[in-house]
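The structure under discussion appears below in the form of structure tokens.
The values are calculated or read from the model by the stated rules, or taken from the named source; none is laboratory data. What you see is a predicted model, and the numbers here were worked out from it, not measured in a lab. In this analysis, Cβ positions are derived from the backbone assuming ideal geometry, glycine residues included, and neighbour counts consider all displayed protein chains. All accessible areas refer to the heavy atoms of the entire protein, side chains included, with ligands and DNA or RNA removed. Shrake-Rupley method; radii C 1.70, N 1.55, O 1.52, S 1.80 Å.
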Amino acid sequence: MTEEATQKLFEITQRIARAAKITGRESDEVTLIAISKTCTATEIAPLIAAGQRIFGENRVQEAQDKWPALMEANPDIRLHLVGQLQSNKADDAVAIAHAIHAVDRLSLVTALARAMDRLGKRPDCFIQVNLADEPQKGGCAVADLRALLGEAMAANLPVAGLMCVPPVDLEPAPWFALLAKLARDHGLPGLSMGMSGDFETAIKIGATHIRVGTALFGERV
Ligand SMILES: *Cc1c(COP(=O)(O)O)cnc(C)c1O
């Protein structure tokens, strides 16, 4: 099982390197987050054995169920939360995560800032932007980004960059380019964008964090 995971990880790493090279970037500018949502600890173990250390989950409860034991065995693991977050889960999120990718409204900014002060722990935050104004998705509207960033700065949140999940049925590149422009405009270095189907495109447009699930773990059932 480790062999298969090693092979998959090698392939993805190669694809990351090629996409980076084409655009004159170094592959170490791109952080691969292995999205392990719905996978069991047993399914995750081979990827850890293969050397992957950065993982992502979309639900706090699921992260709490799976990761404390895995992180105790592998203290250098870094866990990112990438899914929509309820403000009442802010303490749990801050307690378990090293980065939070779906900060998208003032109530959450406030809850996270309080949780960080309480727990004395400051995970990197990415502000999620709902670029296409999709009602079913999280993320702040482009028009509200400046105000939300101001509020995040005022609350002393460690804002690392911006995050997006583009519309599924459209070409992703223009959305990635828009997110990259917004990050530049606001002087933010981090760009969390690109999933299994489009991470190479995202890297060519400047992604610093790609969130890859299916390509590493197979189709989720
Ligand atoms: C599930 C998920 C991913 C990974 O998607 P794949 O297509 O399986 O690579 C990335 N980002 C977020 C926010 C997700 O929920």
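Cross-link pairs exceeding 30 Å between alpha carbons, from the set K37/K121; K121/K204; K21/K66; K137/K204; K8/K204; K21/K137: K121/K204; K21/K66; K21/K137.
Using helices alone, I'd like the mean residue ellipticity at 222 nm for the chain: each DSSP H run of four-plus residues gives -39500 (n - 2.57), total over residue count, nearest 500.
Calculated from helices alone, the mean residue ellipticity at 222 nm is -13500 deg cm²/dmol.
Dimensions of the range 105-170 based on its C-alpha atoms, expressed as ranges along the principal axes with the largest first, amount to 41, 20, 18 Å. Residue separation of R15 and T214 scaled by 0.36 nm, minus their Cα-Cα distance, works out to 70.2 nm of gained length.
When +1 charges are put on Lys and Arg Cβ atoms and -1 charges on Asp and Glu Cβ atoms, the dipole computed for the range 1-86 relative to its Cα centre reaches about 300 debye.
Of the options L178, T40, A69, report the single residue whose Cα projects farthest towards the positive end of the charge dipole of the range 2-217 (beta-carbon charges: Lys, Arg +1; Asp, Glu -1). Going by the Cα projections, it comes out as L178. Along the axis of the charge dipole computed for the range 114-159 (Cβ charges of +1 for Lys and Arg, -1 for Asp and Glu, origin at the Cα centre), the listed residues A143, L157, I127 are led at the positive end by L157. The spread of Cα positions in the range 1-86, taken along each principal axis and listed from longest to shortest, comes to 40, 34, 21 Å. When the chain is described by a simple charge dipole with +1 on each Lys and Arg Cβ and -1 on each Asp and Glu Cβ, the residue from Q7, N58, L79 located farthest towards its positive end is L79.
Dipole magnitude of the range 2-217 about its Cα centre, charges +1 at Lys/Arg Cβ and -1 at Asp/Glu Cβ only, in debye to the nearest 20?
Values: 22 positive and 26 negative charges, 75 e Å.
Here the size comes out at about 360 debye.
Put a plus charge on the Cβ of each Lys and Arg, a minus charge on the Cβ of each Asp and Glu, and nothing anywhere else: the dipole of the range 110-151 about its Cα centre is then about 280 debye.
Around the amide H of C140, modelled in the peptide plane, lie the amide H atoms of Q128, V129, N130, all under 5 Å away and 5 or more residues distant in sequence or on another chain. The Cα center of the range 129-185 and the Cα center of the range 59-101 differ in position by 22 Å. Across the chain, how large is the tail of the calculated P(r) beyond 24 Å, expressed as a percent of all Cα pairs? Result for the distance tail: 41 percent. Only protein atoms count toward the accessible area here, which uses a 1.4 Å probe; on the chain, the carbon and sulfur part of that area reaches 52 percent.
With protein chains left intact and a 1.4 Å probe, residues in the chain average 48 Å² of accessible area per residue.
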